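The values are calculated or read from the model by the stated rules, or taken from the named source; none is laboratory data. Predicted model only: the values in this text are computed from it and were never measured. Quick reminder, even Gly has a Cβ in these numbers, built from the backbone with ideal geometry, and neighbours come from all protein chains shown. Ligands, DNA and RNA are excluded from the accessible area calculation, which covers all protein heavy atoms including side chains. Shrake-Rupley method; radii C 1.70, N 1.55, O 1.52, S 1.80 Å.
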Amino acid sequence: MLGLKRFCVFTYVLAAFITSACSGQEPESYQVGSDVPPVKFSLEDRPSIVVLGDSLTSGLGLNLEEAFPAVLQEYLDGSEYSYKMVNAGVSGDTSAGGVRRLDWVLDRNVEVIIVALGGNDGLRGLPVEAMKNNLITIIETAMQRDVVVILAGMEAPPNLGQSYTAEFREAFSEVASEYNVPFVPFLLEGVAGVNELNQPDGIHPNLEGARRVAEHLWPVLESVLEDISRQ
């Protein structure tokens with residue numbers, strides 16, 4: 001269970017996220033980053049790693065090249081693995097939104113997908129079972145296409161009650177365990193609630209915060225790519 005201090009952090013950080021990142025409606029067009037045209041995929045031969053997420057992925061308040069998927073690209077470029085990162089983050093997106101655009105996202109030369117959804121489900125108090133089923137749909141669909149899945153967990157605001165927040169948190173670990181997928185328990189681990197790692201809104205990571213998120217994800221992604229290279 002989270003300590004009281006961490007719960008208080010989420011009360012402020014995640015509750016404020018509702019007004020800044022969630023419109024209450026699913027986006028009609030799918031964009032990469034903030035205020036940019038719909039994603040354009042190049043015809044490069046390199047296979048893709050897609051990050052399917054919300055404003056935390058798209059890098060709201062940052063330039064596209066500063067969001068954590070772009071930082072992961074820097075890690076890739078300095079490694080032995082030749083992949084291109086695709087930022088498929090949409091501000092305000094929920095797990096249901098991720099399901100609706102999944103075919104579009106996977107209609108590329110994708111080998112790995114990082115699923116970083118659920119934060120907005122929690123903020124809106126949506127049923128945990130529905131979110132869990134959406135995550136399962138995403139994972140099963142990706143697996144059917146031989147795409148490796150990495151699941152990143154999120155936290156729900158504590159004002160929704162201890163029972164809901166516990167059920168919400170456990171849903172991610174249960175899905176990851178059931179499908180035996182690499183799992184990052186909390187996408188914003190070490191970043192949420194740390195003033196110097198967030199923008200003035202106290203919600204979205206700043207440049208350094210985005211780099212910390214990428215640093216947190218990289219060991220898991222690197223391990224997955226190592227496994228793929230051995231096949």
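Let's see how each residue does on (1) over 27 Å from residue 47 (Cα atoms); (2) at pLDDT 95 or above:
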{"position": "127", "(1), (2)": "yes, yes"}
{"position": "132", "(1), (2)": "yes, yes"}
{"position": "146", "(1), (2)": "no, yes"}
{"position": "152", "(1), (2)": "no, yes"}
{"position": "155", "(1), (2)": "yes, no"}
{"position": "158", "(1), (2)": "yes, no"}
{"position": "203", "(1), (2)": "yes, no"}
{"position": "207", "(1), (2)": "no, yes"}
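Each residue in the range 128-146 was checked for being open to solvent by 50 Å² or more (accessible area, probe 1.4 Å) and either part of a helix (DSSP H, G or I) or of a type outside the set (D, E, K, R) (or both), and 6 of them qualify. Residue 149 satisfies every condition listed in (1) outside any loop (DSSP other than H, G, I, E, B); (2) touching a residue at least 40 places away in the same chain (Cβ under 8 Å); (3) touching a strand residue (DSSP E or B) at 6+ places or on another chain (Cβ under 8 Å) except (2). Residue selection: residue 98 fails the criterion of being touching a residue at least 12 places away in the same chain (Cβ under 8 Å) and either farther than 15 Å from residue 50 by Cβ or surrounded by fewer than 18 Cβ atoms within 10 Å (Cβ to Cβ) (or both). Looking across the range 171-185, the residues that are among the aromatic types (Phe, Trp, Tyr) and open to solvent by 10 Å² or more (accessible area, probe 1.4 Å) come down to 179, 183.
The number of residues in the range 193-206 that are out of contact with any Cys (no Cβ under 9 Å at 6 or more places or on another chain), surrounded by 16 or more Cβ atoms within 10 Å (Cβ to Cβ) and more than 9 Å from residue 61 (Cα to Cα) comes to 5. The sole residue among 189, 178 that is more than 14 Å from the chain's Cα centre (by Cα) and not basic (Lys, Arg) is 178. In the range 161-170, the condition of being of a type in the set (A, V, I, L, M, F, W, C), open to solvent by 30 Å² or more (accessible area, probe 1.4 Å) and either more than 19 Å from residue 97 (Cβ to Cβ) or not in a loop (DSSP other than H, G, I, E, B) (or both) is met by no residue. Tallying residues that are within 16 Å of residue 119 (Cα to Cα) and among the acidic types (Asp, Glu) within the range 180-231 yields 1. Note on the range 86-95: residues that are open to solvent by 10 Å² or more (accessible area, probe 1.4 Å) and under 15 Å from residue 140 (Cα atoms) amount to 0. The residue pairs whose first member lies in the range 42-59 and is in a strand (DSSP E or B) and at pLDDT below 95, whose second member is among the hydrophobic types (A, V, I, L, M, F, W, C) and open to solvent by 10 Å² or more (accessible area, probe 1.4 Å), and whose beta carbons are closer than 6 Å, counting only pairs six or more residues apart or on different chains, do not exist in this structure.
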